[in-house]
Every structure is written in C-alpha cells, then in structure tokens.
Amino acid sequence: MKLWRTMRMLVGFAVYLFGLVFLIWPTGMFWRVMHAIWDADDGYRRRMNNVHVTRWGNRLGEIIFPLVGTQIVFHIPQQIPSRMERRPRIYVINHRSVLDALILLMLAHRMGDDDMRWVIKLGMLNIPFLGGVMRGTGNALVMRRKDRPELDDNVRRRWNRMAMRRFMRDAQNDAVSVGIFPEGERFTGAKPGVRRQNVGALIGAGGFKQMCTHLTRHVVVDATIVWPNTTGGRTMFETDVFCDKEIHVYANIHPHVHPERAEIFLEERWEEKEVLMSHTLLA
C-alpha cells in the first residue's frame, strides 16, 4: 500500500512538472512576448499574466488531486455576486501543506476570481520555470532571512515594505482580488505550550492589516483548509497526508475589515478554524 501511494505521488509530481515546463511556462512566455509586441500597458500585462497562472493552476489541481486520490470538497456561499456586481476580495487562508497554493487557485477560480494576486516569498523566483511564471504577475515578493541571509534585517524590512506598497497600489489600481497566508509559513504541528493545536501563529497578521488599510474597497474571504490529520503536509511525498484523503475547504465572505480590527478579526477567525478542525479530528 505504501509503495502504491508513493507511485501515485510520483505520477502526480511528474504531471505537475510536465504541465509547468511544457505548458504553463512556454505559453506564458509566448503571451509575454506578444504583450511586448503590442506594447500593452503594465496593468493589462499584470492582469493577463495572472489570469494565465490562475487558470492553469486550477487545471493542474483538477488533474493532480484525483491522480493521487485526494478529493477536494469546496463549501462556498451559494449566493456569489456576479463579476459586474461584486467588489474585489482579500483571501485569508490557513497554510498546512505545499499544495495549498493549488487549492487557493482552485477556490478563487470557483468564486469567479481568475486574477487573484497574493503575497509570496522571494525565494520562489529561484525555482526553475516556476520563478519565470511568477514574474510579472503583480504578486508581492517578500524577503525572508533565508532568502538573503547576508542582508541586514533593516534592509530586508525596507524591501518588504516597498514590495507591499507596490503590490497594494497595483491591486487597488487594477481592482483585483488578493490573497495572503497570515501564518506566514506552513503549519507542521503545534509547538509545546501554544494554545491552538491545529493552526499556526499569525506571524503575518501585519500584512493583512496593511491590506485592510490600503484596499478599502475589498471585502474579505476567510477560507479554511481542513486536512484530516494533526500535522499538515511538508512535502509532496508524505503519502499518508495526501493520498486517499478528503480535504474540505470552507469559504465565508465578510464585509471590509477596519484596519484597527484586522488583528482581532484574524484571531477570531483562527479560533473558529481551531474549533472546526478539532471537531473534524474527533469525528
């Protein structure tokens, strides 16, 4: 059984690599060349680059998850405003595995957001092919210590402030939705002495507060990924985490959050996630 699961994960990983290297990357580069020939404006380029990534990410997720036996069940509000009526959104979501990015793209696509930009780590640009795909999409590229360990922390913070300001300015001008993992890193298990056992600490809550401050037209989508285990996944090959599992994704739409309530809002939502996951594990 273990060998069979490992083989399925390898097939899923191979499909991901094939899609990235031979479909997403070359078609993305083709359209970027065409945008340059047409002399398209920056906003149009960002929008089209991100639509390309979001739609292809959704397609990859719909292929890979069934291959490894993972069923993603989305619980989305029945009444979603049409594209012409709705306001742009801020997606906040818990982070448990390396596959959460695909799940987020699939969720955004199902809610009608094909141009959804998010906060990602600068180190992603160093990943072959994926880095090329992520460039020019209008995402916020935040720097961690491990990305540039030789730099002073003050330089790193200044970079991140500039990256977030540019990110929010473009999102506001382009009237598009954005996403952030407020935990800042994958949850791989509760540390001794912490109160919440199934979700991580909100070390990235400041980024959400900045979004609430500058993206005043955006409503908030609180999304919860419920994995049927206590530790979450760290790599593509933790077969007991991914294979033959049913993953539930719950999404709720909230009005715009006032910046002064941003951290309180996240604490309340993360308490709800903790309760939801605790009940799921006990069921």
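The values are calculated or read from the model by the stated rules, or taken from the named source; none is laboratory data. Model, not experiment: these values are computed from the prediction. Glycine also receives a Cβ, built like all others from the backbone with ideal geometry; neighbour counts cover every protein chain displayed.
Okay, residues lined up against (1) touching a His at 6+ places or on another chain (Cβ under 7 Å); (2) in contact (Cβ under 8 Å) with a residue 60 or more places away in the chain:
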| site | (1), (2) |
| --- | --- |
| 6 | no, yes |
| 12 | no, yes |
| 23 | no, no |
| 57 | no, no |
| 61 | no, no |
| 72 | no, yes |
| 89 | yes, yes |
| 104 | no, yes |
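Scanning the range 241-283 for residues that are in a helix (DSSP H, G or I), under 20 Å from the mean Cα position of the chain (by Cα), at pLDDT below 95 and among the hydrophobic types (A, V, I, L, M, F, W, C) yields a total of 3.
Screening the candidates 117, 144, 148, 96 for the property of being in contact (Cβ under 8 Å) with a residue 24 or more places away in the chain, assigned to a loop (DSSP other than H, G, I, E, B) and within 27 Å of residue 264 (Cα to Cα) yields one hit, 96. Tallying residues that are assigned to a loop (DSSP other than H, G, I, E, B), small (Gly, Ala, Ser) and either crowded, with 18+ Cβ neighbours inside 10 Å or modelled with pLDDT of 95 or more (or both) within the range 170-226 yields 3.
In the set 135, 87, 59, 55, only one residue is of a type in the set (Lys, Arg), surrounded by fewer than 19 Cβ atoms within 10 Å (Cβ to Cβ) and more than 28 Å from residue 273 (Cα to Cα); that residue is 135.
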